[in-house]
Amino acid sequence: MKSTELGILFIDITKTAGTAIKESFERRFPNYTFEGKHHSIRNFLSYGSPVLDDFGMPHEGTCSPVTTQELLNYHTFSVIRNPYDRMVSLWLWGRGNEYNENFNEFVASVAHGKYTDFNRVRYRSQVEWISDFEGNVRVKQLLAFENLAHDFNKFLSHIGIEPFPLLDRNSAYLNSNMERMPFESYYTSETTRQTVESIWADDFEMFNYKKFRSTRYNSIPEDA
């Protein structure tokens, strides 16, 4: 999401409160333009790349690219989320989009490219979202999903905007209509946990999320 009026560029990683953040800005600044959704740093630096977005449209159709120099002038920010938790949210979102698999099956499908073949952007690592083509992280401010209200207000104050509240938006719940439990409860299989750690190893390493260990893998029904 980019706003030239505010000088902000938000790297809207999937399942990290992006909808709430964009709609909150739109409500607070109704006369400003906030273009694009779910675009990575590489998308913004693509200079008209023919790579398609989630809806099969060229990226330049939903966001205008920036030069490397222009990128330096924007207040860039993104929200980072625990990888275990993010995977659960992706699954819940998918339950409302005809992903008829339990959580363990879903993680295995992601690992084997069942969904990434046609929608890779949704499942890329958070490190990849915020890095340029050379692998350099190009986002100045990283907000923690787990402490979002505080971090969001701190970011707004940092760039000279009076803090305002975030709207409550939970697309995963709205899609699945399933009550959300703590993410640990969904990891009924050690294999599933290890698969998530492998898929998003870069995220665990860069953002220092702890890998949890549990001796019980029967918290929820297998077909939930």
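Values in this text are rule-based calculations from the coordinates and carry no lab data. Computed from a predicted structure; not experimentally measured. Cβ placement follows ideal geometry from the backbone for every residue including glycine, while neighbour counts extend to all protein chains displayed.
Excluding same-chain neighbours fewer than eight residues apart, the lysines reachable from LYS140 by a Cα-Cα span under 30 Å are LYS2, LYS15, LYS22, LYS37, LYS154, LYS210, LYS211. Electrostatic bookkeeping for GLN141 treats Lys and Arg as +1 and Asp and Glu as -1; over the other residues with beta carbon under 10 Å from its beta carbon, the sum is +1. Amide H to amide H distances under 5 Å link VAL79 with ILE13, LEU143, where only residues 5 or more positions off or on other chains count and H is placed in the peptide plane.
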